[in-house]
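Working notes, beginning with the structure itself.
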Amino acid sequence: MGRLDRRNAVEKRLTPYRVLTLSAMMALLLFAVGCLSLVIGTADISLKSLGALFSGSLTPEDPTRLILFRIRLPRIILAGFVGFALSLGGVVFQALLRNPLADPYILGVSSGSAFGAVMAIVLGLGFGVGVPVMSFAGALLTVWLLMQLGTRRMGMESNTILLMGVIINAFFTAIIMFFISTAADERLHSMLFWLYGDLSQGRYAHLSLIGPVLLAALAILYRFSGHLNLITAGEEVAAQLGVEVKQTKKICFLVVSLMIGVVVAFSGLIGFIGLMVPHLARMIFGSDHRLLIPMSSIGGAAFLIAADTLARTVISPSELPVGVITAFMGAPFFVFLLRRKGSRWSQS
Amino acid sequence: MEPILTLSDIGFGYGRNRVLAHIGFQVHAGEIIGILGPNGSGKSTLLKLMDGILLPHEGEILIRERPLSDFKRSDLAKEVAMVSQENHFRFAFSVMEVVLMGRFPHLGKTQFEGKEDIKAALEALEATHTDHLAGRSLDELSGGEKQRVLIARALAQEPNVILLDEPTSFLDLKYKREMFRLITSMGKSKGLSVVIVSHDIDLASQYCDRILLLNKGVIHKLGVPEEVITATDIETVYDCPVHVDRNPATGKPRVSII
């Protein structure tokens, strides 16, 4: 029995081959969800016309081509990017704060980022550089506030950080509401969408900015995946096993803030993705971040594409903000997790 | 014998509260040192200083004549491993995964374990009699089993010194004995030095080469068990009347509370 257990454990251990295989399978799932989302919508587009599009037999002015390339595709890619970033951010926050309930939305990092973006619009800065930079600054400010207020006075208890996040979230949302209420009409819409999450503003120019940022963020954060495994056992334990904890935390917080800042600037506040997807991934693939990071991020991309497809079709021809769909699913999920694991997680 | 760890006139405090003062001793290769003392005497703090988790306010710690503060954390983890009392995993990891964490300082840039790492982990599991638990989740284990797995992780680190902070606190009599026997055999066969903080005076007396008795942050006495574990010293440090005689089976000092 002992030998069998030992052999199983050795065989089940994580290898680069296993990570690559499972990542490729998840990427295939993402591709399938993306294709499905491309043909589902208010305008009826058959698989046949999709085939015609790929074979090049549609003219450039064909409405199908315009709907697919100008409207649906950039939106789907944006949804994928945002889901990817929020899930990745959730996994990393949960490990760094050793709190399974942490995610960029609940911790207020998303709303801090949206606050930065709204400030950029109020100041008349453009979407090219000004809004993403201010959005990043807002995310960074929130992380800094969380660390300062959550650790100095009350100790590094993970529930304190979570409560602090809830308070920061409410505070920034109130500021955004203030600016919306006092803004001139033409600016109102561009601010309003941050509060509910909206992926319809996807443009290829934005995507070409977000894509490289996400790729760089993934590469950097993956480099720290082993470190994150050890940090979940406690910062002291991680240091004893050879992790430069302060440096790891600093780099990871900075990278996640940048990533969240950039996606929130173009998507607004979409909650609970960073909570739900990492949990589902952890239930299926285990807690090793060397696998959890790719599974959560690719899975998050697929999840948000599916949620956005639902958002734009469920009351067709009208649309729901995608944040409403994710909140419908995420809020009960949060309560479920809290009730199931609350007592254990309350130990610090 | 060449000292592996040298502590010279170490002083440390939390804020204004001075916890340790004038601590100086050496740990030699293959030696087992037991640190005894009442609650709050600075035992755990001393271990954290020896592992570089805390930095001394006064004095210096050397690892083979090189200042500990010069080591990168990953290099230090190859020299010194610690099993502390703080080990609360927030997420479910299997026993094998936890033991393989001990290989972290040895991993290359790919961060994946190779054959050598698996071999080291399996040896550590065998040495601590936890190999039958390899596939189980750490959450499912008893306190004693968990403690042995954490010691296996420290062994997988392949350090020269292991620091153990009350390693037998969750163990029953059988495993307490086995743990001390394991520690002793590691010291003798692999030249591994072990420093154990313990409240179990009799086991420390039986298995440790030297005993360091701490009292209010200073060394009360340091020497072989027969020199340190005397009725006068134990009564002074623990503020409790005791009777000390020799264990008829081992000949080592044995403490009974009066």
ask   = What is the one condition in (1) touching a Ser or Thr at 6+ places or on another chain (Cβ under 9 Å); (2) more than 14 Å from chain B (Cβ to nearest Cβ) that A:A205 does not satisfy?
value = (1)
ask   = From the list B:H243, B:H220, which one is touching a strand residue (DSSP E or B) at 6+ places or on another chain (Cβ under 6 Å) and within 21 Å of B:L46 (Cβ to Cβ)?
value = B:H220
query = Going by the conditions given, is B:P38 in contact with a strand residue (DSSP E or B) (Cβ under 8 Å, 6 or more places away or on another chain), away from chain A (no Cβ under 14 Å), at negative phi and in contact (Cβ under 8 Å) with a residue 24 or more places away in the chain?
reply = yes
task = For the range A:11-43, enumerate the residues that are farther than 30 Å from A:L68 by Cα and either charged (D, E, K, R) or surrounded by 16 or more Cβ atoms within 10 Å (Cβ to Cβ) (or both).
result = A:E11, A:K12, A:R13, A:L14, A:R18, A:V19
remark   = Reported set for the range B:204-258 where residues are of a type in the set (S, T, Y), touching a residue at least 40 places away in the same chain (Cβ under 8 Å) and part of a loop (DSSP other than H, G, I, E, B) is B:T250
query = Restricting the search to the range B:131-151, which residues are polar (S, T, N, Q) and over 23 Å from the mean Cα position of the chain (by Cα)?
reply = B:S137
inquiry  = What's the total number of residues in the range A:124-159 that are more than 15 Å from A:A265 (Cα to Cα), surrounded by fewer than 18 Cβ atoms within 10 Å (Cβ to Cβ) and modelled with pLDDT under 85?
reply    = 11
request  = Considering only the range B:77-94, state which residues are surrounded by 15 or more Cβ atoms within 10 Å (Cβ to Cβ), out of contact with any helix residue (DSSP H, G or I) (no Cβ under 7 Å at 6 or more places or on another chain) and within 7 Å of chain A (Cβ to nearest Cβ).
outcome  = B:R90
request  = Would you check if there is a residue in the range B:144-155 being out of contact with any Asp or Glu (no Cβ under 6 Å at 6 or more places or on another chain), farther than 19 Å from A:N8 by Cα and part of a loop (DSSP other than H, G, I, E, B)?
outcome  = no
inquiry  = Checking the conditions here, which among B:F170, B:F180 is at pLDDT below 90, in contact with a Cys (Cβ under 9 Å, 6 or more places away or on another chain) and of a type in the set (F, W, Y)?
reply    = B:F180
query = Of A:E244, A:E319, which residue is within 14 Å of another protein chain (Cβ to nearest Cβ) and in contact with a Lys or Arg (Cβ under 7 Å, 6 or more places away or on another chain)?
reply = A:E244
inquiry  = So, restricting to helices (runs of 4 or more DSSP H) that lie completely within the range A:1-79, which ones have at least 3 residues that are closer than 30 Å to B:R103 by Cα and away from chain B (no Cβ under 14 Å)?
reply    = A:16-39
ask   = If a residue has to be assigned to a loop (DSSP other than H, G, I, E, B) and either of a type in the set (S, T, Y) or surrounded by fewer than 17 Cβ atoms within 10 Å (Cβ to Cβ) (or both) to count, how many in the range B:123-140 make the cut?
value = 3
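The values are calculated or read from the model by the stated rules, or taken from the named source; none is laboratory data. Nothing here was measured: the structure is a model prediction, and the numbers come from that model. All Cβ positions, even for glycine, are placed from backbone atoms using ideal geometry, and neighbour counts span all protein chains on display.
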